[in-house]
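The values are calculated or read from the model by the stated rules, or taken from the named source; none is laboratory data. These numbers were taken from a predicted model, which means no experiment stands behind them. Ideal geometry is used to build each Cβ from the backbone, glycine not excepted, and the neighbour counts take in all protein chains shown. Surface areas here come from the heavy atoms of the whole protein model, side chains and all, with no ligands, DNA or RNA. Shrake-Rupley method; radii C 1.70, N 1.55, O 1.52, S 1.80 Å.
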Amino acid sequence: LLLMLPFASRDGQSIGFIPALFTASSATCVTGLVVVDTYTHWTLFGQLVIITLIQIGGLGFVTIGVLFAMALNRNIDLKQRTLIRESVNSIQLGGVVKLVRKIFMGTIMFELAGAVILSIFFVPRLGLLRGIYYGVFHSISAFCNAGFDTLGSVSLQQYVHDPLMCFTIMGLIVLGGIGFAVWFDIRDKIKPLVKRQISFEKFKHSLSLHTKIVISVSLTLILVPGLLILLLEFANPHTLGDFNIFEKTMTAMFESIALRTAGFTTINYGGLRPATDLLMM
């Protein structure tokens, strides 16, 4: 309904119910599919509606509800705590409300860090306010694995050669994708390693089975397809053919990471070889 309002569209005309519903669904479910270009069609109001839906979808409805309840100082009963535990995949019922607070703070911390780095990239190109806005928007979109951008129809293709942009987006996608349970497990176990009280081997053994599986599978699903994309597209003049070896590797890994539901791209998929299309699917 908000996206249907005339001042949500740059042309001052309502986009209509179905396109607005599609966009809202894609944003809330952090899918990244669009029927109109996010930058050229939506006004600032429309873009703020979209990024708010992305944040709600990324955190989850239950988490948002708990945060509102906490802000209003409402008691959360046993039935609600059980729902929260199922929502955040917690093993224990005790401490789930505190866990939700940690999830929220961790999300804000990662998104803020990403926004600062991306703002450093955007501000010299777009000016102070617009650069900061772009930094915040793309940090939230990347961390929530949504894939929405305000850069026009070419996504991140114009920044394919820029390591700061590419590695920041890649990092946010991975951090958002591995989940809070892995963040907290690593955070709790890494202090003795940093202080050199334990070896790296002991640190690895101390991690939970869930963390080990997530990290090992994630690395496999990033590195193996990334290397295959690099090999398949290495000499393709429509994609990686004209890049140096560093840019080829970085771009291949970016696409591999983005394929994990993130939706961003730094190359034109229309120029991919059929084998790469099949691999990506």
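Summary table
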{"read-out": "D (Stokes-Einstein, µm²/s), Kirkwood Cα radius, the range 11-69, 0.890 mPa s at 25 °C", "value": "201 µm²/s"}
{"read-out": "Nonlocal Lys pairs with alpha-carbon distance under 15 Å, the chain (8 or more apart, or different chains)", "value": "7"}
{"read-out": "Helical segments meeting 24 Å axial Cα length and Kyte-Doolittle -0.5 threshold in the chain (DSSP H)", "value": "96-126, 209-233"}
{"read-out": "Stokes-Einstein D (µm²/s) once Rh is taken as the Kirkwood radius of the chain over alpha-carbon pairs, at 37 °C in 0.692 mPa s", "value": "160 µm²/s"}
{"read-out": "Met70/Leu221 FRET efficiency (R0 25 Å; Cβ-Cβ; nearest 0.05)", "value": "0.10"}
{"read-out": "Surface/4 of the Cα convex hull for the range 13-161, nm²", "value": "10.9 nm²"}
{"read-out": "Accessible area of the chain divided out per residue, in Å², using a probe of 1.4 angstrom", "value": "54 Å²"}
{"read-out": "Euclidean distance between Cα centres, the range 208-281 to the range 118-190, Å", "value": "17 Å"}
{"read-out": "Carbon plus sulfur fraction of accessible area for the chain, probe 1.4 Å, in percent", "value": "68 percent"}
{"read-out": "Relative packing of peptides 137-149, 245-257, 59-71 - highest average C-beta neighbours within 10 Å first", "value": "137-149, 245-257, 59-71"}
